[in-house]
Amino acid sequence: MIKEMIFGIAGGLGLFLFGMGIMSNGLKQIAGQKLKDILGALTKHRVLGVLMGALTTALIQSSSATTVMIVGFVNAGLLTLRQALCVVLGANIGTTFTAWLVSTFGLGGLKITAYALPAIGIGFLLRTVGKTRKIKSFGNILLGFGILFIGIGFMKDAFSPLRDSTEVQRALIWLGQNPLLAVLAGTVLTMLLQSSSASIMIVQVLAFQGAFGTDWHVAAQVAIPFILGDNIGTTITAELAALQTSRNSKRVARGHTMFNVIGVAYMLPLVWTGLFGNIVEWITPFELSQSTIMIHIAVAHSMFNVFNAIVFTAIVGWLEAIVTKIVPITEDELAQQPVALEKHLLNTPVIALEQTKREIIRMAKTAKKALRFSISGIIDDNRKELGSVREIEDFVDVFQLEITSYLSALSRRHLSDEVSIELPVLLHTVNDLERISDHAVNIVEIAERKIEQKLPFSDSAMTEAEQLRKEIDQMFDNVITALENNDIEAAKSAALTNENNLNKMQMEFRRSHVQRMTESVCTAETGLIFIDLVDNIEKIGDHLTNIAQAIIGGLQWEGVKPKVVDIS
């Protein structure tokens, strides 16, 4: 019997999580981009942020997906920390939708498990033969929905022996009557499953099957502490996701953990005295029984999260201040302030252009940092520096978007000839800098392959990589100096001396690479990684040359390329 239970629980849970993932992906494919646009536009007010977080999570069936989306907005500078915290509060409400789905359409309600197999069949058919992405996504939704409830059915059958096991019932009831232990159990369960929806569903099925006893009032009271623990355990997903993200993203994760832990702490006395359970019974319009206990659990889950969201929405400023103390603002973050381009200066184009140039210089310094970290990371196998590059690249993308939008708005003003000929060259400069950060990410990807496959560079390759690092670093410094001071000589050094040196290095290092492979000094895999590094750095040199030539030409515009002058 025990073997059948274990197999049934493991298989049912796997099907539930698999179905939830398929359904979530289908929903995101249909509504994801629209929800992103709406979410970005409607989170300026804290209440709207909470509502949008709840709606988004309910629609895509994944609080983790909502959190990832919010982290992306924070990284891109589209949301402040306070706005992000409000949306995550709303995601806590939206994630309760799954418990309602299970209780309404599952075991205690409309018996939709009877229609799970047809849903799987139709969903698979649409996914396979659908001509459009939308039809295939609808197929995924149906397929995931069916698999999800098949999994619940297997778990229901696996848990059925617990109704007859008085020892198990007594153990679970004892655990539930010790709220701290039950909260801990719920926390651990959710951390292990990495899904609050799955752990809530397990508690619902256990209650339905009589594992907490058949005195349904007692069973409901016993289940509630497990629900509270689930809300703490679900924060582990955001904490894990934040490990390799920006410090502001870490603050969002810490805030998520804090308001759930604090919420459970102030709710525990009400649970201990039974008052919380009594309020749930009073709110729920159905009398407690086997057929309605899953709904009571869903109500308890929603009531906690809604109340907690209301409390912390009111004091979100305090929460923001606390998490900023826990994860302090560093000097690097201060350097990465939002792009500052004043709209009111557009009516004075010359000043607006000077302001744009200052931001382009800041963009260049940021792109240089990404490049420096990527090359150091691949030479020294430094995962920490490699992990910083994508975050910096996101900030470079913000620079590109903001500066391009600003210059586009400026182009619609009445401009002098001088401003008119400089503006398109500045646009190309911005694009060149963004492409440099893209190449830095390319270097990160090959560095990760080098580290994962344990492919060390030979001594001669390390020497050549150091030469490349020194040359491109000097070239970047020359370009930044030229931008800052309109220094023609520095631009000539970059466009002539450094560029020529990089081109020579590319040819020489390719030959020496072949020689090393011939002499079996390095493997083919290591050689390919080294050549990728050389080629990416040479392409970065090309983009820097474009910028240098534009400076040498006085930022003049002729046709589709910056004016190239004789620099000999």
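The values are calculated or read from the model by the stated rules, or taken from the named source; none is laboratory data. Here the structure is a predicted model, which is why all the values come from computation and not from measurement. When we count neighbours, we look across all protein chains shown, and the Cβ atoms used for this are built from the backbone with ideal geometry, even at glycine.
Here are the numbers:
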| item | result |
| --- | --- |
| Top-ranked residue in the range 297-328 [being out of contact with any Lys or Arg (no Cβ under 8 Å at 6 or more places or on another chain) and farther than 18 Å from N92 by Cα; ranked as surrounded by the most Cβ atoms within 10 Å (Cβ to Cβ)] | I322 |
| Selection from the range 226-247 of residues that are among the β-branched types (V, I, T), modelled with pLDDT under 80 and part of a helix (DSSP H, G or I) | T235, I236, T237 |
| Inter-residue pairs, beta-carbon under 7 Å, first surrounded by 21 or more Cβ atoms within 10 Å (Cβ to Cβ) and in the range 489-505, second not in a helix (DSSP H, G or I), 6+ apart | A495/I567 |
| Unique match (being in contact with an Asp or Glu (Cβ under 6 Å, 6 or more places away or on another chain), part of a helix (DSSP H, G or I) and modelled with pLDDT under 90) among A300, A253 | A253 |
| Criterion (part of a loop (DSSP other than H, G, I, E, B), in the same structural domain as I9 (by TED's automatic domain parsing) and touching a helix residue (DSSP H, G or I) at 6+ places or on another chain (Cβ under 9 Å)) met by exactly one of A223, A309, A211 | A211 |
| Number of the condition not met by G186 [criteria: (1) small (G, A, S); (2) surrounded by 24 or more Cβ atoms within 10 Å (Cβ to Cβ); (3) assigned to a loop (DSSP other than H, G, I, E, B)] | (3) |
| Pick from the range 451-488, criterion touching a residue at least 60 places away in the same chain (Cβ under 8 Å) and among the polar types (S, T, N, Q), ranking: surrounded by the fewest Cβ atoms within 10 Å (Cβ to Cβ) | Q453 |
| Residue selected from the range 520-554 under the condition among the hydroxyl-bearing types (S, T, Y) and modelled with pLDDT under 90, by the criterion surrounded by the most Cβ atoms within 10 Å (Cβ to Cβ) | T526 |
| Listing of helices (runs of 4 or more DSSP H) fully contained in the range 62-155 that carry 1 or more residues being under 30 Å from E402 (Cα atoms) and either modelled with pLDDT under 65 or in the same structural domain as N231 (by TED's automatic domain parsing) (or both) | 63-75, 81-94 |
| Residue check for V203: out of contact with any strand residue (DSSP E or B) (no Cβ under 8 Å at 6 or more places or on another chain), buried (at least 21 other Cβ atoms within 10 Å of the Cβ) and modelled with pLDDT of 80 or more | yes |
| Selection within the range 280-290 - within 40 Å of the chain's Cα centre (by Cα), surrounded by fewer than 15 Cβ atoms within 10 Å (Cβ to Cβ) and in contact (Cβ under 8 Å) with a residue 12 or more places away in the chain | I283 |
| Residue check for Q221: of a type in the set (S, T, N, Q), buried (at least 20 other Cβ atoms within 10 Å of the Cβ), under 18 Å from H296 (Cα atoms) and under 36 Å from the mean Cα position of the chain (by Cα) | no |
| Condition check for S405: out of contact with any Pro (no Cβ under 9 Å at 6 or more places or on another chain), in a helix (DSSP H, G or I) and crowded, with 16+ Cβ neighbours inside 10 Å | no |
